[in-house]
Amino acid sequence: MSEAIVPSDNLFSAETYFATQPPPPSLDHDTSRVREFIQRHAKEGKKVVLVTSGGTTVPLELNVVRFLDNFSAGTRGATSAEYFLKAGYAVIFMHRQFSLQPFSRHYSHSTHPFLDFLDVSPEDTDGHEVSVTASERPQLLEVLTAYKDAHQQGTLHTLTFVTVNDYLWLLRAVSQEMAVLGRNALFYLAAAVSDFFLPRQKMSVHKIQSGKGSLHIEMDQVPKILKPLVEVWTRGGFIVSFKLETDQELLIPKARGALARYGHQVVIGNELHRRKYEVVFVSKQHEKAVTESSEDPDPSSQYEESWIRIDLDKDPNKEIEEEINKSCNGIWVNHL
Ligand code: PAZ
C-alpha cells in the first residue's frame, strides 16, 4: 500500500482505490462464507441475488470519533430481500450494520416495538408465560413462518458494512464470487453509497481538535465502481442499480447517463420524498427495437421508462417493493 500512488487530483480510479485503501479485517472470512453460500446454491441451479442496503459512512479520523453518514434506513433493501426470498431466490443481504433487516424490520424499535404487544398471561401467577396480543398474532405468524423457512432452507445470508471502504471491498469480493453463477446472478444495488471520502493517507490519526475556528475538509471522489463491476468483476449477471435524487427532473437524465456510462441493465430512479410510492424503471431498449429505430436521431429513444406507482391512501399496507420485485423478475426473464 503506497502513498505515492494516491492521486493528487482527488479522482481515484477503482484500481488506485484498491491499491491504496486497506481492506476491512473481516474481508477474507466474509468472502469464504459467501463463497460457500454461492456454491451451494449454484449446484442447485438457484437464482442468487445480492441486495445491498442502508447507507455507508465516511470516517474523518483513523481513531474514528466523527463520520459523515447517509440518511438511508435500509427499508428498501430489507423489504425487497423478503420479496426475493418469497419469489424463490437465494439472497445475499449486504447491509449497513444495525440498519433494517428482512423480517425483523416489521418490529423496528422505533415504529413497532415488540415489547408493546407482548403480555404476561393473567392466568399465570408466577409471571413466566408470555403471550402475544391477539391482534398482532396473524402478522407475527406470517413473518415468523417466512423467517424460519429462510433459516431452515439456508436461503438468506447476511453481511455487514459500516464505512464506504468496507462496502467497496465487500462489493468487489462478493461480485467476483458471484461470477460463477453466470446468468443466474442478480445484483440489486439499493444501498446509499457515499460519493466522497477521505483517503486513509489524508486522515487525521487522532480526534480532530477544535480551537482553530472552522473546519475545512477536502474529500476525494469515490470511484465509480459500476463500470468494473459490469466489465471485470462479474460476468453475465443482471445488474439493477438505484438512483436517488431530490430533484425529480434529474431522475431520468441521471438514470440514462448511468446506463450509458456503465453499460448495465436497469436503473431504478426514486425521488427522496416520493420513494415509498413512486419509482421509475429506466432501461435500454431491446437491441431489436433500437435497430428498427436506428434512423431516429434522438438518443433518448434508445431508452425506455416505466413508472410504478402505488396508492397508499387506498392501501396503506401495500409495499412498493412488491411491485418492484415483480418488475425486476419480469425484465430479467425477458432478458435471459
Ligand atoms: O433505505 P431507504 O428505504 O430509506 O431508502 C432507499 C434508497 C432511497 C436509499 C434507495 O432506494 C436508493 O435510491 N439507493 C441508491 C441511492 C443513491 O443514489 O446512491
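The values are calculated or read from the model by the stated rules, or taken from the named source; none is laboratory data. Everything quoted here is computed from the prediction, not taken from an experiment. For neighbour counting, all protein chains shown are included, and Cβ atoms are generated from backbone atoms with ideal geometry for every residue, glycine included. With ligands, DNA and RNA removed, areas are computed over all heavy atoms of the protein, side chains included. Shrake-Rupley method; radii C 1.70, N 1.55, O 1.52, S 1.80 Å.
Things to note:
- All conditions but one from (1) within 13 Å of the ligand (Cβ to nearest atom); (2) in a helix (DSSP H, G or I); (3) over 25 Å from Glu15 (Cα atoms) apply to Pro253; the one that does not is (1).
- For the range 53-73, a residue qualifies if it is surrounded by fewer than 24 Cβ atoms within 10 Å (Cβ to Cβ), near the ligand (Cβ under 9 Å from one of its atoms) and not in a strand (DSSP E or B), and the qualifying residues are Asn70, Phe71, Ser72, Ala73.
- Checking each residue in the range 7-52 for being within 28 Å of Leu100 (Cβ to Cβ) and in a strand (DSSP E or B) picks out Val48, Val49, Leu50, Val51, Thr52.
- From the options Val180, Val164, Val230, residue that is within 16 Å of the ligand (Cβ to nearest atom) and surrounded by 15 or more Cβ atoms within 10 Å (Cβ to Cβ): Val164
- The residue that is nearest to the ligand (Cβ to nearest atom), among those in the range 256-280 that are closer than 15 Å to Phe187 by Cα and surrounded by 16 or more Cβ atoms within 10 Å (Cβ to Cβ), is Ile268.
- Search result, residues across the range 83-97 that are more than 13 Å from the ligand (Cβ to nearest atom) and open to solvent by 20 Å² or more (accessible area, probe 1.4 Å): Tyr83, Leu85, Lys86, Ala87, Gly88, Gln97
- As a summary of the residue check, Asp195 satisfies the conditions (1) within 16 Å of the ligand (Cβ to nearest atom); (2) modelled with pLDDT under 95 except for the one numbered (2).
- Residue selected from the range 158-167 under the condition in a helix (DSSP H, G or I) and more than 12 Å from the chain's Cα centre (by Cα), by the criterion farthest from Arg96 (Cα to Cα): Asn165
- In the range 98-122, the residues that are within 16 Å of the ligand (Cβ to nearest atom) and assigned to a helix (DSSP H, G or I): Ser104, Arg105, His106
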